[in-house]
Amino acid sequence: MTETKKTTIVLFSGEYDKAMAAYIIANGAAAYDHEVTIFHTFWGLNALRKEEQIPVNKGFLEKMFGKMMPRGADKMGISKMNFAGFGPKMIKHVIQKHNAMTLPQLIELAQEQDIKLVACTMTMDLLGLQQEELMEGIEYAGVAAYLADAEDGNVDLFI
Amino acid sequence: MTETKKTTIVLFSGEYDKAMAAYIIANGAAAYDHEVTIFHTFWGLNALRKEEQIPVNKGFLEKMFGKMMPRGADKMGISKMNFAGFGPKMIKHVIQKHNAMTLPQLIELAQEQDIKLVACTMTMDLLGLQQEELMEGIEYAGVAAYLADAEDGNVDLFI
Amino acid sequence: MTETKKTTIVLFSGEYDKAMAAYIIANGAAAYDHEVTIFHTFWGLNALRKEEQIPVNKGFLEKMFGKMMPRGADKMGISKMNFAGFGPKMIKHVIQKHNAMTLPQLIELAQEQDIKLVACTMTMDLLGLQQEELMEGIEYAGVAAYLADAEDGNVDLFI
């Protein structure tokens, strides 16, 4: 009897390249039959945002956060060399050139591979993000659920 | 007989939001009876600094580091949208509004829950920080002690 | 019969201080007889670059990346207080003053301790880095090899 291996990733960062790394490792682990969870918290929640603006009732601060944060994976900046948005364009260009997968494609693949995508409800609350603004097919949970997954994990990462 | 679970976090980062994430996970794990250690190294040491200036003898460089680095958790900037200090204010404002805990409160809770807070002596030395400048009730150790904790850990994170 | 403990680190970040932390933990673990792997991906690959410019055939974008990224560990910036390059100088100065090891020395020690240094072939491809541009004695692999190491790891970190 072989036990299922587990990979649990906290995606805290809101940068395109870090989110790519998280999703590449996650998709790789799923391909090797790991049970995989990505727990999106703080700026990592932006990877799950819908591209279109969703009309929801919010306070002033929450509206400001909403405007200042990127709307979805495709809009995220990169952690290095983000010269006036030139960096992300370069990265996307080389991804295309090398037939690699973009971040939105990696997220789609993760969903096809049944990777559990979780949005941290506590930080959603802090940043004023509502469920209508995030993509379909994801779960909502807090730190207790994260720990339940992580404490039996083979690979636990904070990205 | 159930074995105690273990969570060991390296807090390298000196940002308010990252330190919050570290302390939220740590406090959650302690609430679920994990044995929890936070090993503060490099900029993460700033979370343990006392707010007041402590008169200690230092060389010129160490004095400069001391002046340039934030004095305590409440003074740390955030990793995103740190527009002229506007970001941290916003974050603290929403924390208050949502009755969530600030970083200093999370650190206090960690001490009440007997989470082991460790300051890395090697990087203290590099950055010229002395024990008098850090809060009471913490431990001092090096990478060997970290590894002894981490190698049996259920959840090991680098933040 | 005691099993060999394993430490597996993903070095994603391209900053001097983060790479130092990675190599200090790795060297510590090797000293305690862990089997240690550092998997260099994205900006972490820069730690493995040779200092001299190696003449290789590249496209325009790859050449630009090559020019924009630091050539080797000694050229990397730090993640905090990088005022016009003043930060790295200060860090290197205090390292010297305290008889600590610089990043190039830590990498050398890692090789002497038989730590497995791996370059991620997928991101090498994306960033246009070729084997001739990286140091000798390292391995080349992808995410599958990383997971094989990490899934049995005692300490798994993403830095």
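The values are calculated or read from the model by the stated rules, or taken from the named source; none is laboratory data. Values in this document were obtained by computation on a predicted structure and should not be read as measured data. Every residue, glycine as well, gets a Cβ built from its backbone with ideal geometry; the counts of neighbours run over all protein chains shown. To get the accessible areas, we keep the full protein, side chains included, count just its heavy atoms, and leave off ligands, DNA and RNA. Shrake-Rupley method; radii C 1.70, N 1.55, O 1.52, S 1.80 Å.
Taking the criterion of being more than 11 Å from B:LEU45 (Cα to Cα) and β-branched (Val, Ile, Thr), the residues of the range B:121-159 that qualify are B:ILE138, B:VAL143, B:VAL155, B:ILE159. The residues of the range C:71-88 that are modelled with pLDDT of 75 or more and either open to solvent by less than 30 Å² (accessible area, probe 1.4 Å) or of a type in the set (Phe, Trp, Tyr) (or both), listed by number, are C:GLY72, C:ALA73, C:MET76, C:GLY77, C:ILE78. Just one of the listed residues (B:VAL155, B:VAL143) is closer than 30 Å to C:ASP152 by Cα and touching a residue at least 60 places away in the same chain (Cβ under 8 Å), and it is B:VAL155. Pairs meeting the criteria (first residue in the range C:111-123 and over 20 Å from C:LYS6 (Cβ atoms), second residue hydroxyl-bearing (Ser, Thr, Tyr) and open to solvent by 60 Å² or more (accessible area, probe 1.4 Å), beta carbons under 9 Å, at least 6 apart or on different chains) are C:THR121/C:TYR140.
Across the range B:109-124, the number of residues qualifying as open to solvent by 70 Å² or more (accessible area, probe 1.4 Å) and either at pLDDT below 95 or within 14 Å of chain C (Cβ to nearest Cβ) (or both) comes to 1.
Here C:GLN96 meets each of (1) surrounded by fewer than 21 Cβ atoms within 10 Å (Cβ to Cβ); (2) assigned to a helix (DSSP H, G or I); (3) in contact with a Leu (Cβ under 9 Å, 6 or more places away or on another chain); (4) not basic (Lys, Arg) with one exception, condition (3).
Could you say whether any residue in the range B:39-56 is hydrophobic (A, V, I, L, M, F, W, C), farther than 29 Å from A:ASP156 by Cβ and either modelled with pLDDT of 85 or more or over 17 Å from the mean Cα position of the chain (by Cα) (or both)? Give the derivation first.
Within the range B:39-56, the first condition is being hydrophobic (A, V, I, L, M, F, W, C), and the residues that meet it are B:39, B:42-43, B:45, B:47-48, B:54, B:56.
Going one step further and asking which of them are farther than 29 Å from A:ASP156 by Cβ, we end up with B:54, B:56.
Retained after the next criterion (residues that are either modelled with pLDDT of 85 or more or over 17 Å from the mean Cα position of the chain (by Cα) (or both)): B:54, B:56.
Yes: the range B:39-56 contains one or more residues that are hydrophobic (A, V, I, L, M, F, W, C), farther than 29 Å from A:ASP156 by Cβ and either modelled with pLDDT of 85 or more or over 17 Å from the mean Cα position of the chain (by Cα) (or both).
Consider A:ILE91 carefully, then state whether it is more than 12 Å from every other protein chain (Cβ to nearest Cβ), open to solvent by less than 20 Å² (accessible area, probe 1.4 Å), in contact with a helix residue (DSSP H, G or I) (Cβ under 7 Å, 6 or more places away or on another chain) and in a helix (DSSP H, G or I). Against the criterion (more than 12 Å from every other protein chain (Cβ to nearest Cβ), open to solvent by less than 20 Å² (accessible area, probe 1.4 Å), in contact with a helix residue (DSSP H, G or I) (Cβ under 7 Å, 6 or more places away or on another chain) and in a helix (DSSP H, G or I)), A:ILE91 does not qualify. Taken over the range A:8-63, the criterion of being more than 19 Å from A:PRO88 (Cβ to Cβ), within 12 Å of another protein chain (Cβ to nearest Cβ) and of a type in the set (Val, Ile, Thr) is satisfied by A:THR8, A:ILE9, A:VAL10, A:ILE25, A:VAL36, A:THR41. The set of residues from the range C:130-159 being within 12 Å of another protein chain (Cβ to nearest Cβ), part of a helix (DSSP H, G or I) and open to solvent by 10 Å² or more (accessible area, probe 1.4 Å) comprises C:VAL143, C:ALA144, C:ALA145, C:ALA148, C:ASP149. No other residue among A:LEU61, A:LEU45, A:LEU127, A:LEU106 is open to solvent by less than 30 Å² (accessible area, probe 1.4 Å) and touching a His at 6+ places or on another chain (Cβ under 9 Å) apart from A:LEU61.
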